[in-house]
Amino acid sequence: METKSNNNSTPTCQSTLNPTNWNGRSIEIDDAGTGDLVGDAFIGYRDTGSGKIIFKAVPVEFYKEKYRGEDRSKECILKLTLEALEELKFSKENDRILLCRGNCFDRVREYFEENKIYHEPAIIEGELQEAVETKYIQHLRKLGVKSKNLTTESGAKRYFILFNWVCRDFPNREKYVKTGFPSWNKKWRKIAMERYEKYQKPKKKDQKIKQIRERANIILKNFSK
């Protein structure tokens, strides 16, 4: 079923902080990490009646260069969404879905419309938004991102925190990058490699000084014998 429309046939969009009335249960759906440079993405599903939240992970593998153009991540999100709705015992007759407007849900919207599943576009705010963003941050911490400036607020600041983290150990951290993002190979990969080499110069200098001191100590020990 199509989303509600205004007189101009443009889908309306509501905030989950102040949703329209509904005689039944609402299920909110939101994402985190789908537009971020590093790591898996996460989809959160919240039953507004019970407050229950389910998380599903979209592996970073589906955002790699080799899958660009195949919409692997969107197909995965559709599969995960159907699983989550089943776990929440979704009722097509009684429930409505408040779905984030992000394009990562394009296949989900298509499926809902093809199968006449009632849904409304929504700005997901409040409990679910915070929960799914927190889940993503926890994932980044497990990967080794230690910056104190890393927060649940997405955007350019978080992008560059993650980018700089990758630069620090590029050979070992590129595997966590969503290399299917067009800008990665067009621009940012080269910059990341250059910054990695720049970061290595002080380390090489320190290693050389250390080697010189070790040799000097050996000479002094031999001289004093």
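Taking other C-beta atoms within 10 angstrom as a stand-in for reagent exposure, R195, R101 fall in the order R101, R195, fewest first. Rounded to the nearest Hz, the phi-derived 3J(HN,Hα) couplings of segment 125-142 under the Karplus curve 6.51 cos²θ - 1.76 cosθ + 1.60 (θ = phi - 60°) are 10, x, 4, 5, 4, 5, 5, 6, 5, 4, 4, 5, 4, 4, 4, 5, 4, 5, where x marks glycine and proline. Since only G24, I53, T134 are under comparison, the one whose Cα sits farthest along the positive direction of the charge dipole of segment 14-147, derived from C-beta charges on Lys, Arg, Asp and Glu, is T134. Taking amide H as placed 1.01 Å from N in the peptide plane, the amide H of D31 sits under 5 Å from that of G44, each at least 5 places away or on another chain. Relative to the current alpha-carbon distance between E83 and N172, full extension at 0.36 nm per residue lengthens the span by 28.7 nm. How would you classify segment 14-147 from its alpha-carbon gyration tensor, with a ≥ b ≥ c the square roots of the eigenvalues: rounded for a/c under 1.5, else prolate if a/b is greater than b/c, otherwise oblate? Oblate.
Rounded to the nearest 20, the Cβ-based charge dipole of segment 73-135 about its Cα centre (Lys and Arg +1, Asp and Glu -1) stands at 160 debye. Among K66, K148, the order by Cβ neighbours within 10 angstrom, fewest to most, reads K148, K66.
Electrostatic tally near G44: other residues with Cβ closer than 10 Å to its Cβ, Lys and Arg +1, Asp and Glu -1, net -3.
Any read-out appearing in this document is the output of simple, stated calculations on the displayed coordinates, not a laboratory observation. The shown structure was predicted, so the numbers you read here are calculated from the model rather than taken from an experiment. Every residue, glycine as well, gets a Cβ built from its backbone with ideal geometry; the counts of neighbours run over all protein chains shown.
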